[in-house]
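Colleague: Starting off with a structure, shown below.
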Ligand code: ZN
């Protein structure tokens with residue numbers, strides 16, 4: 001297990017479309033474990049491979065409360081949204097790659113996702129609420145899309161300017177929630 005460094009915006013890797021994995025083998029399984037360790041340490045509730053500089057389609061999530069007795073990690077490779085609800089919902093989103101900035105984002109309230117699990121088995125997951133939002137946020141990362149790309153240009157530019165300024169001043173910690 002290893003902690004991986006989390007890239008922050010504006011990093012071109014975060015804007016790059018990730019490649020599918022051929023199969024979930026030992027190497028991808030190890031990547032999933034390293035990503036989970038990195039996500040829990042941050043702390044965060046989701047992490048996509050491009051955020052740690054790996055351009056493949058792997059995401060991990062755990063929306064259980066931090067103080068929950070049991071962790072409930074999800075490991076997904078090649079996730080595909082195969083259904084979305086008609087109904088939308090707005091959640092205040094944050095991102096480990098955009099530290100300390102939050103914004104309301106409107107997305108479908110429910111989704112169904114097809115993916116390969118850690119044993120290379122094809123599975124489907126239907127989600128609503130925070131899990132649905134989190135799945136869409138992480139799958140967006142695989143397309144090079146950040147939550148700030150789904151808000152108004154005015155808000156986005158304000159957040160990105162602040163991030164750039166913080167980076168120039170070298171005040172950005174490498175692990176931020
Ligand atoms: Zn994110």
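Colleague: Restricting the range 31-48 to residues that are over 21 Å from residue 132 (Cα atoms) and in contact with a strand residue (DSSP E or B) (Cβ under 9 Å, 6 or more places away or on another chain), which is nearest to the ligand (Cβ to nearest atom)?
Modeller: 38
Colleague: Now for a separate question. Based on this model, can you work out whether residue 118 counts as more than 28 Å from residue 9 (Cβ to Cβ), surrounded by 16 or more Cβ atoms within 10 Å (Cβ to Cβ) and touching a helix residue (DSSP H, G or I) at 6+ places or on another chain (Cβ under 9 Å)?
Modeller: Taking the combined requirement at face value, the residue satisfies it.
Colleague: Sticking with this structure for a sec: Considering each residue of the range 49-64, count those that are within 14 Å of the ligand (Cβ to nearest atom) and either assigned to a helix (DSSP H, G or I) or modelled with pLDDT under 95 (or both), and give that number.
Modeller: Summing the residues that are within 14 Å of the ligand (Cβ to nearest atom) and either assigned to a helix (DSSP H, G or I) or modelled with pLDDT under 95 (or both) in the range 49-64 gives 5.
Colleague: From the list 135, 164, which one is surrounded by 17 or more Cβ atoms within 10 Å (Cβ to Cβ) and under 30 Å from residue 2 (Cα atoms)?
Modeller: 135
Colleague: Specify the residue that is farthest from the ligand (Cβ to nearest atom); the eligible residues are those in the range 65-89 that are at pLDDT below 95 and more than 21 Å from residue 29 (Cα to Cα).
Modeller: Here the residue is 69.
Colleague: Then there is this: Determine, yes or no, whether residue 127 is surrounded by 13 or more Cβ atoms within 10 Å (Cβ to Cβ), over 22 Å from residue 53 (Cβ atoms) and more than 14 Å from the ligand (Cβ to nearest atom).
Modeller: yes
Colleague: Another question, if that's okay. Assuming residue 92 fulfils every condition listed in (1) over 12 Å from the mean Cα position of the chain (by Cα); (2) in a loop (DSSP other than H, G, I, E, B) apart from one, which condition is it?
Modeller: (2)
Colleague: Please find, among 54, 59, the residue that is surrounded by 12 or more Cβ atoms within 10 Å (Cβ to Cβ) and in contact with a helix residue (DSSP H, G or I) (Cβ under 6 Å, 6 or more places away or on another chain).
Modeller: Sole residue among the options that is surrounded by 12 or more Cβ atoms within 10 Å (Cβ to Cβ) and in contact with a helix residue (DSSP H, G or I) (Cβ under 6 Å, 6 or more places away or on another chain): 59.
Colleague: Taking residue 110 and the conditions (1) closer than 25 Å to residue 55 by Cβ; (2) surrounded by 15 or more Cβ atoms within 10 Å (Cβ to Cβ), which numbered condition does it fall short on, given that it satisfies the others?
Modeller: (1)
For every residue, the table says whether it meets (1) within 16 Å of the ligand (Cβ to nearest atom); (2) on the phi > 0 side of the Ramachandran plot; (3) in contact (Cβ under 8 Å) with a residue 12 or more places away in the chain; (4) touching a strand residue (DSSP E or B) at 6+ places or on another chain (Cβ under 8 Å).
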| residue | (1), (2), (3), (4) |
| --- | --- |
| 97 | yes, no, yes, no |
| 103 | yes, no, yes, yes |
| 132 | yes, no, yes, yes |
| 158 | no, no, no, no |
| 163 | yes, no, yes, yes |
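The values are calculated or read from the model by the stated rules, or taken from the named source; none is laboratory data. It should be emphasised that the depicted structure is a prediction, and the values quoted were computed from it without experimental measurement. Cβ sites come from the backbone with ideal geometry, for glycine too, and all protein chains shown count toward neighbours.
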